[in-house]
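Derivation of every value follows stated rules applied to the coordinates shown; laboratory data play no part. Note that the structure is a prediction, hence the values are computed from the model and not measured. Cβ: placed from backbone, ideal geometry, glycine included. Neighbour counts: every protein chain shown.
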Amino acid sequence: MRQKRAKAYRKLMALYSMSFGFRQPYQVLVDSEMCKAATELKIELAKQLNSVLQGDVKPMITQCCIHELYLLGKTQQPAVDLAKTFERRKCNHREPIPGEECLTSVVGETNKHRYVVATQSQPLRVKLRSIPAVPIVHVNRSVMVLEPPSDATIRSKEHTEEQALHPTGSEKQVLAGPSTSTEPPRKKKGPKGPNPLSVKKKKVDSTPKPPAKDKGKGKEKPTVGVRDAAVGEKRKRDEIDDREKVASSEQQVGDAQQDEPKRKKKRRRKAVDSTAVAAESTSIPS
Ligand SMILES: [Zn+2]
């Protein structure tokens, strides 16, 4: 094979591999006419397939195609012998049908099993060209030829490539994730030092301090009140003592006048204490 043609075939098989998932060994469906041509032209079919497809091959023949060769009689015995060396492809046609129809059904509408078809049937080749990703091989004047990709194959390839360029739904989500994650660092940069600290302070004030403050206030106020009350009591005692001491004196009136404001003060303090207690009682449940 010429270097140029080998390069073209290698490129074409790379297309089938990359775009449609063809893998070695390539499964090659060989029809009865191809077997006949190979024996008549003395072509080493497997070897030629190897070089044309630029890789390992697994020639296969369907039950219907080998049945066609049996029907041809002993004149085509070499073709039958050749076909028997191939792997048998079960097509599950109970009554043998024409080879072209059998291969069409085996390839199906999408060639999901990724077969290469080696056929000498012109109508079958035309039919297979309408199915994307079906490499077609035929023999022309004892030279095995791999057909250039069909229009259906090229369209399908371009479609898959176009799809590959655009992210899928799940990929979009993945792409959206990193983009949102890149934004938070910017936010971190923006506020700089002081703002986060101020936010932290606020948080500290709002959550742990209020109960502490209430408790402190509650405790402090009563103690202050108690102190005041104690002072008041002392003053009371002092006053009482003073009264007893100065009972006979005329200063009684002046003391009494002094007492009144003090008593008012006491009442006020008591009222403050009670409000403080009330505040405490309300604050504790929360
Ligand atoms: Zn069949």
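Determine the sum of side-chain charges near R114: Lys and Arg each +1, Asp and Glu each -1, restricted to other residues whose C-beta is under 12 angstrom from that of R114. That sum, taken over residues with Cβ under 12 Å, equals +3.
Stokes-Einstein diffusion for the stretch 3-161, with the hydrodynamic radius set to the Kirkwood value over Cα pairs and evaluated at 25 °C in a medium of 0.890 mPa s, equals 156 µm²/s. Of the residues E68, E162, E147, E40, the one with the fewest other Cβ atoms within 10 Å heads the list, and the complete ranking is E162, E40, E147, E68.
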